[in-house]
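Worksheet for the structure shown next.
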Amino acid sequence: MNLAKHLNTFGQYLLHRHGERVHKLALNASFTCPNRDGSKGIGGCTYCNNQTFSPEYCKPSKTISQQVEEGIAFFHHKYAAQYYLAYFQSYTNTYDKIENLKAIYEEALSY
């Protein structure tokens, strides 16, 4: 069954809106989650190993702007992409103080 006939995914919406694929840039802002920090559980989830799916440019030691810039360079070289979507990949991307989240998101949006 071809689901594309029956639903409009976010990726399809972006493709239609921009006329080309929008590439997701994984970003690491050093988030954690309640299953890792001990407030709800310990050790994290069994499938949660960010090292297995984090690209080389996506390191918490780099600023968000550096990660965005390096991610764009990576994809532009590979796909000649024009559009990118900042994606905070590591653990729970809303698990922080609102002031910290706002600063991190605004840094990504300003790029």
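How much net charge surrounds ALA80 when only other residues with a Cβ under 12 Å from its Cβ are counted (Lys, Arg +1; Asp, Glu -1)? Once all neighbours under 12 Å are counted, the net charge is +1.
For the range 64-88 versus the range 92-111, the inter-centroid distance based on Cα atoms is 18 Å. Of the peptides 27-33, 15-21, 79-85, the order by per-residue mean of other Cβ atoms within 10 Å, starting with the highest, comes out as 27-33, 79-85, 15-21. By the compact-protein rule of thumb, 2.2 N^0.38 Å, the alpha-carbon radius of gyration of the range 61-111 corresponds to a ratio of 1.24. Averaged per residue, the range 63-109 has 67 square angstrom of accessible surface, using a 1.4 angstrom probe with ligands and nucleic acids left out.
The values are calculated or read from the model by the stated rules, or taken from the named source; none is laboratory data. The shown structure was predicted, so the numbers you read here are calculated from the model rather than taken from an experiment. Heads up, the Cβs are rebuilt from the backbone with ideal geometry, glycines too, and the neighbour counts pull from every protein chain shown. SASA here: full protein model, heavy atoms, side chains in, ligands and nucleic acids out. Shrake-Rupley method; radii C 1.70, N 1.55, O 1.52, S 1.80 Å.
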